[in-house]
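J.: Structure provided below as structure tokens; questions to follow.
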Amino acid sequence: MAPNVENAQANPNQKTLHVWSKAIEEPDESQSQGADKKANSARPTISGAVSMIKTEDFTNVHNTPCARQGFLTGIAAGTGIGGLRFVLSGNAVKAANWAVGMFILGSTASYEYCQYLRRAERIQMKRHIEVVSENRREQARKADKEKKEQMRLEQERIAAQRPWYKFW
């Protein structure tokens, strides 16, 4: 979630992945030829993925965008479907299973939809910024053109006021 603050040494050549808590490791030039073969043969494992999870990831879930909305939607969906299944079937175990399943499904769907809306809004904001920047450039171009035209007209006016004759 947050960058790893334990290894906060500033290294301009080091790339840091800010989504996870571990820096991206880049092989040196001398090791890069042999490392390519190793990187292709090394497969990600579940234990490797689990080892990357830290306790801070769970304590900072509330700081994640869209997490609150996702959890609330999941809770509502799980409660509603679980209660409905219990009322209709009378079996509490099956109703609880449905409630948990709908909690997970509702939370995931709501979280992903919120993330989709955030991405769409980010793209739209970039487009608006581009349009505003283009309009400002166009206005500056027009203002510069008008200023040059005014200067040209002023020079013509000054030239017209000069007498056509000259005494010495």
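The values are calculated or read from the model by the stated rules, or taken from the named source; none is laboratory data. Quick caveat, the model's predicted, so the values are computed rather than measured. Cβ: placed from backbone, ideal geometry, glycine included. Neighbour counts: every protein chain shown. Remember, those area values only see protein heavy atoms, side chains included, never the ligands or the DNA or RNA. Shrake-Rupley method; radii C 1.70, N 1.55, O 1.52, S 1.80 Å.
J.: Please work out if Phe103 is open to solvent by 60 Å² or more (accessible area, probe 1.4 Å), closer than 30 Å to His62 by Cα, without any contact (Cβ under 8 Å) to a residue 60 or more places away in the chain and in a helix (DSSP H, G or I).
T.: Yes, satisfied.
J.: How many of the residues in the stretch 55-79 are of a type in the set (A, V, I, L, M, F, W, C) and under 12 Å from Glu112 (Cα atoms)?
T.: Number of matching residues: 3.
J.: So for the stretch 10-19 (the condition being assigned to a helix (DSSP H, G or I), within 24 Å of the chain's Cα centre (by Cα) and modelled with pLDDT of 60 or more), does at least one residue qualify?
T.: no
J.: Inspect the stretch 23-40 for any residue being under 29 Å from Glu112 (Cβ atoms) and modelled with pLDDT under 90 and give the result as yes or no.
T.: yes
J.: Where in the stretch 42-95 are there helices (runs of 4 or more DSSP H), lying fully within it, with 3 or more residues that are farther than 20 Å from Ser107 by Cβ and either open to solvent by less than 90 Å² (accessible area, probe 1.4 Å) or not aliphatic (A, V, I, L, M) (or both)?
T.: In the stretch 42-95, 46-51 are the helices (runs of 4 or more DSSP H) which contain 3 or more residues that are farther than 20 Å from Ser107 by Cβ and either open to solvent by less than 90 Å² (accessible area, probe 1.4 Å) or not aliphatic (A, V, I, L, M) (or both).
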